[in-house]
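Note sheet for the following structure.
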Amino acid sequence: MARDFEKGRAVSMNLTQYSFTSGDSGQGASAGSGGGHGHAFTILLIEDNPADADLCQFYLADAFGSRANVLHASQLAQVEPLLEQHAVDIVLLDLGLPDSSGVTSVIKLRAIAPEIPIIVLTGSRDQQLGVRVIREHAQDFCAKQDLSSAVLSQAIRHAMERHRLQTQYARILETNPDGMVVMDDDLQLLFLNQAASHMLGLKAPEDIGTRLSQDLMGEEGEELELVGGRVAEVRRATLDWNEAPATLVAYHDITERKKAEWKLKQLVQFDQLTGLNSRNHFFDHTDRLIAHVDREGGMVAVLYIDLDHFKNINDTLGHSAGDELLQLVGERLCQNSRSSDFIARLGGDEFALVLSDVEQPDDAAHVAEKLIEVFREPVRLSESSVGVGLSIGIATYPHCGSCGQELYSAADTAMYQAKERGQNHYQFFSEQLQRDVETRLVREQAVRQVVADETLWLAYQPQIRASDGQAVGVEALLRWPTDTIPVLSPADFIPVMEDVGLIERVGYWVMKQAAQMAVATEQELGITLRMAVNVSMRQLYDPGLFDQIAGVLESTGLPPGNFEVELTESSIMADLERTCETLRRLRELGVSIAIDDFGTGYSSLSYLRKLPVDVLKIDRSFVMEIGSNRQTEAIIENLLGLSRALGLRVVAEGVENDEQQAFLRGIGCDYLQGFHIGRPVELSRFHGWLRSAGREGDE
C-alpha cells in the first residue's frame, strides 16, 4: 500500500511541477498539520458516490480536524449556490458526476470559480488524463485508490501553495506596465494583461483561446508598430504554463523614446533652414544607393549645384534675404524633381541632387539642363526679385568613384570646372564621359531636327532570286540627309530615335513611303516587288502596329503579299508570347515575316517551328567567310536544310563577290542581297538598276 501511494504521488507531482516552485519538499502531513495552514479553511467536496464521499470526509477530518470545514455537493449544479453562501478555499472534484464528466467538469468548474484551486479525484491513474486536467488549470490530480489522510493533506497543501504562487505570478504579469502575452506553440492566446490589451487591441477573456497573428509576435529585440501609433520593443521567454510549453512575449512601450530619436534624427538628417536633407544624410543615402546598384545593377548620378554670385546677393540684400533665397531655391529644386530624387543642402549656397534611376549619363545632363532653364526665371523674395544662376558638376557611379565621398569630390571638382565656363553651365567630372554625353546630346538634337524638317530619306537595295538573278524584292533603308552635320549612320541615329520616342513616328513614315514606292514601281515599270521594311522592338510592342500596317496597305493599295516586315531575333524573343500574337495577325492579313540578321541573336533553332515567320535572312558575318572558312560554309548549308524542312525562304545578306554568289546559288539559297547585287540607292537610281540588271531573269 505504501509503495502504491509513493508511486501515485510521484506521478501527481510530475504532472503539476511548474517552473516556479515552493521551497518545501512536501513530505506527507500528519493529522492536525492543516496542510501548512494554522487557520480554519473551507473545502468543497464534489462527489456523487456516497461511499467515496464518506471516505474523503473521514480522511479530511483525520488530516485537519475541526479546522477544515467540509461542504459536500453531489453534482455540479449544486456548486454555484454553495459558493454564493460560503468562502471556499479549495475544491475536491470527482470527474464522474451525474451532470458532468471528464475534463469537461474541470472546465465548467473553472468557469464558475476561476479563483479557487482544484484537486481532481478520479478512479484512474491515466497520466494523459492528469496532463489534460492540469492544462485546464486544475492544481493537482489524485487517484482515489491511492487516497489517505496523508495523501489528501499533502495534495491540499501543495495545491493551495501552487495556486498562491500562480496567483502571485499572474498578479505580477497583470500589474506590469509592459504588455504581457502568453501563448502556446500554436500561437493560441493563453493570457494577456491589461497593458497588452491596450497595446494590441485585444480583450480578456473574449480573445483568450484565439490564435494570434504572426505579425504581433516579433523577434527578440524587434521593434513593432502597434495600434494607435505606439511602438514597442519585443522581449521573449519560454516557460511552462499549466504543464505545457509556452512563450511569454513582453511589449515594452518605447513610443516616447522613438519620438525623441525622431527629433534627434530630424536635427541630424535634415537641414534646419531649408528642410532639405542634410550633408550627413547625403553621404549615408548615396552610399546606400551605391550598395543597391552593386546588387541590382544600374547607375547613380550626383549633381553638385552651386548658386552663382550668391555672395553678392547676401552682401547686398542682407543675410535674412539670403536665407529666404536659399529656402526658395530648395523649394524650386523640389518642385522640379521627381519623388525618387534625393535633394540635400550641403552647406552655404551648395546643394546636391542624387539620381537613382539613371540609365545613361546623359539622363543626368538632361536634369541639369532642365534645372538651369528653370532657374532662369528670377526668384521673388519678400522685398525684391533676384536672378539665380546655377553651376552644376556631375559625377556618376561607377565611373567617377566608389563611394559617396568620392562622388561628392568628383562632382565638386566638376562644378568648379563648370563655373570657369561662366554662369549656367554643367560639367561632367570625366572628360571622356563629358565628350560622350556632349556627342550624344548633339546627335539627339540633330535627330529631332531632321525628323521635324522631314529630311530623312529612303534608300532601296534589291533582292534577287539566286537561281536566275531576277529582282524579286527590295529592302527600304532609312538614311540620314547628306547635307546635315553631323553625318550619322543608321547605327548612330536609330538608337537615338528609339530612346527619345521618335521611332514609332518615323517607322510609320518609312512603311508608308516604302509601300507607295512599291506600288509606283509596278505602275511605272511593270515590275512587282516584295517590299521589306525593318521594324524596331519599340514598334513591335506598340499595340497599334497591326492597325498601322493594315492602314498603310489599304491607303496605298499595296497587296499584303507584297509587303514584308523584318525583325531581329532579339526583338522577337524579348516577349515571345506577345510577339507571336502580333506576327500571327500580320500573317493572317497576308504580310510576310522575316527574321533579320539570323545567327547573331538567340539562334535558338527550337523556336523557329513555333514562330509565325516566312523568311530567314542569313547575317552578312556568315556570308563574308565563304571561301575562307569551311565550318561557316557548313553552317550555312545546314541552315538552308533546316529552312527547307520548315518551309522557310532564305535570303543571304552581304553578298560582295562572285565566289559568294556562286556558292550560295550552288547550295540552293533562295535569294541574295548585297553590294555585289546592288547598293542601297535613292529611288531614281534604283529604277535605273531595275531597268538593266534587275531583268536578268527575263533574258
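Only the coordinates and a few stated rules stand behind these numbers; no lab work does. Just so you know, these numbers come straight off a predicted model, no measurement behind them. Don't worry about glycine lacking a Cβ; one is built from the backbone with ideal geometry, like all the others, and counts go over all protein chains shown.
Sorting the segments 556-568, 485-497 by their mean number of nearby beta carbons within 10 angstrom, highest to lowest, gives 556-568, 485-497. Ranking of Ser148, Ser339, Ser643 by neighbouring Cβ atoms within 10 Å, starting from the fewest: Ser339, Ser148, Ser643. Each of Arg587 and Ala111 was given a label point 7 Å from its Cα along the Cα-to-Cβ line. The distance between the two points is 7.2 nm. Descending by average beta-carbon neighbour count within 10 Å, the peptides 138-147, 651-660, 368-377, 389-398 line up as 389-398, 138-147, 651-660, 368-377, the highest first. The lysine pair tally for the chain, using Cα distances under 25 Å and a gap of 8 or more places or different chains, is 7.
Taking the longest Cα principal axis of the chain as reference, the axis of helix 149-175 is set at about 40 degrees. Where does helix 2-16 land angle-wise versus the long Cα axis of the chain, in degrees 0 to 90, nearest 10? It is inclined by approximately 40 degrees.
One chain, two ends: Ala520 and Ser692. Fully extended at 0.36 nm per residue, the span grows by 60.1 nm beyond their Cα-Cα distance.
Between helix 431-453 and the chain there is an angle of about 60 degrees, using the helix long axis and the longest principal axis of the Cα atoms. The alpha carbon radius of gyration of the chain, expressed as a multiple of 2.2 N^0.38 Å, is 1.70. Sparsely packed loop sites in the range 219-323 (the GluC sites (Glu not before Pro) outside DSSP H, G, I, E and B with at most 15 other Cβ atoms within 10 Å) comprise Glu219, Glu220, Glu222. Distance between the 7 Å Cα→Cβ label points at Leu317 and Arg211: 6.5 nm. Please state the shape class of the range 453-698: rounded when a/c is under 1.5, otherwise prolate if a/b exceeds b/c and oblate if not, all from the C-alpha gyration tensor. Cα axes put the range 453-698 in the rounded bin.
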